[in-house]
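The next block holds one structure in the form of structure tokens; read it before the comments.
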Ligand SMILES: [Zn+2]
Ligand SMILES: [Zn+2]
């Protein structure tokens, strides 16, 4: 339910053809792709373009998200209703946070009215300014600027409050902190329409990985601590975190070969997700196989309002690409 296919604009990193080939190799028959391409997917025409390219080149079904704000600039809402009609399955400025709370309120109010999810990347920009990893023992040891858990928690708290105020559907992307898990849990208990996902790297790896893997372990939100991993796994276990996503975010090797300050954020994940789910969640007994599969199939499809991801009578089969 959350991948970056990089086309149009960044074809040196990935294309819809190569990204969906990775998805198919990893066992996924449908992917939902983010809007932070160049140009940004922020008009109904651009949604149609993604469907057009996918029809020609994709090896799986592709469902595009539109952006919440024009050009991801954070200052003006897009034509979400028009993009919805063109086939957008939700809206996200993923990669950046919409820092203007009034705009987020308006986006969530439209979500309440029209029934689509607003998918949020939660990092307070001022608190994570210049950060290349998690703030903690390792960042201090390496002398690198770190982003505190509070940068994520503050925006998760804000957006849950705005979802509560408007009745909109908030989906929290890539939950990485213990605090965010608890905020989503409390929101759900209060009846807020909030859903959440977590990615394999955030429930397997800690920020100590930066010392071993360098820029390959550089991503936003960053790898955190064992305490956070334990909380995210508990969230997956008790249903606070509804879905498992990859946040598949490829870059060219020469881009990742730059230093920690210059290299872009992101890690790939489509080909490794299913085995990691089985090794790290099912085998240790955190989830049953059926629960784990639901978090990658029927639950994400349900969050996005897509009639897929189940084998029930009347549901679309994923073996065709219609
Ligand atoms: Zn993100
Ligand atoms: Zn992403």
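Summary table
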item	result
Value at 222 nm in deg cm²/dmol, rounded to 500, when DSSP H runs of n ≥ 4 in the chain each add -39,500 (n - 2.57)	-11000 deg cm²/dmol
Zone residues, region 95-120, relative to residue 307, backbone N less than 19 Å from point 7 Å out along Cα-to-Cβ	115-117
Rounded FRET efficiency, nearest 0.05, which uses the C-beta distance separating residue 11 from residue 48 and R0 of 25 Å	0.85
FRET efficiency estimate (nearest 0.05) - Cβ-Cβ, residue 211 to residue 280, R0 25 angstrom	0.75
For the chain, alpha-carbon Rg and Dmax in angstrom	18.2, 57
Extension gain from residue 55 to residue 265, taking 0.36 nm per residue of separation minus the Cα-Cα distance	72.7 nm
DSSP beta bridge pairing in the chain, given as percent antiparallel to the nearest 5	5
All-pairs Cα distance distribution in region 34-93, expressed in whole percent, bin size 10 Å	28, 56, 15, 1
Inter-label distance for residue 102 and residue 141, nm, one decimal - labels placed 7 Å from Cα along Cα-to-Cβ	4.6
C-alpha center-to-center spacing [region 234-312, region 23-90] in angstrom	19
Ranked list, fewest to most other Cβ atoms within 10 Å of each Cβ, for 248, 201	201, 248
Burial ordering of 199, 273, 33, fewest other beta-carbon atoms within 10 Å first	273, 199, 33
Added length on full extension, which subtracts the Cα-Cα distance from 0.36 nm per residue, residue 24 to residue 125	32.9 nm
log10 of Debye I(q)/I(0), alpha-carbon scatterers only, for region 264-310 at 0.19, 0.23 Å⁻¹	-0.69, -0.86
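Quick note: the coordinates plus some simple rules give every number you see, no bench work behind them. All figures in this text were calculated on a predicted structure; none of them were measured in a lab. Every residue, glycine as well, gets a Cβ built from its backbone with ideal geometry; the counts of neighbours run over all protein chains shown.
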